[in-house]
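One structure below.
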Amino acid sequence: MVDMNNRIGQDSSPDSNVSQPKWTEEVGLQTVDADGLFRSVTVYIGQPSTALLALLDGGSLTEISGSDYLDCLIQARRQLERDGRLLCCRGARPDVHPSGQLRQFTNGRQAYAHFLDARGEAPETVDVFGPASPEDVVSLDDQRTAIIRAWNTRHPGNQI
């Protein structure tokens, strides 16, 4: 946890006297719990060359680092799910999953939205931090199940 009295937007490099912005983007999102109650959270996203984000939730700030943005998002979702809440972002939809190549090229920032009805069409590419409706998001376990089911439907001879 980071004390909210610290300067969130600045990171001083030891090689320079000039402060560099630590967070390049701020995204306001909602969470929803099983009772349908909404809470606002803010996701601060680090520079594209890093895999760092911060989750501001009810006055407490948690910094999360990972191998890429998607890994950070998964960690943030896991933390919220422990509190019984789902993050209302496109990366939490059951039909969203990256390919390895797209994940590598976008540092995990974009993923494909696969639609079972749209066979043969190129899938839509979405920002995993884009907002999503509460009725469109699922838990990490439910998302994994949906992705495996979709794969097995599209590839009956090569089931997971």
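No lab work stands behind these numbers, since they all come straight from the coordinates. As the structure is a prediction and not an experimental result, all values here were calculated from the model. Cβ sites come from the backbone with ideal geometry, for glycine too, and all protein chains shown count toward neighbours.
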Legend entry - Net lengthening on full extension, Phe105/Arg39 (0.36 nm per residue, minus Cα-Cα): 20.5 nm
Inset, instruction - Evaluate the relative contact order of the stretch 59-121 (contact order divided by residue number), counting alpha-carbon pairs under 8 angstrom at least 6 apart; express in whole percent. - result: 28
Inset, instruction - Using amide H atoms built 1.01 Å from N in the peptide plane, name the residues 5+ places from Lys22, or on other chains, whose amide H lies under 5 Å from its own. - result: Gln10, Asp11
Inset, instruction - Arrange the peptides 69-75, 107-113, 131-137, 53-59 so that the one whose residues have, on average, the most other Cβ atoms within 10 Å appears first. - result: 69-75, 107-113, 53-59, 131-137
Inset, instruction - Report the local net charge at Asp95: Lys and Arg +1, Asp and Glu -1, summed over other residues whose C-beta lies under 10 Å from its C-beta. - result: 0
Inset, instruction - Find out how many positive minus negative residues lie around Val128, taking Lys and Arg as positive, Asp and Glu as negative, among other residues whose Cβ is under 9 Å from that of Val128. - result: +1
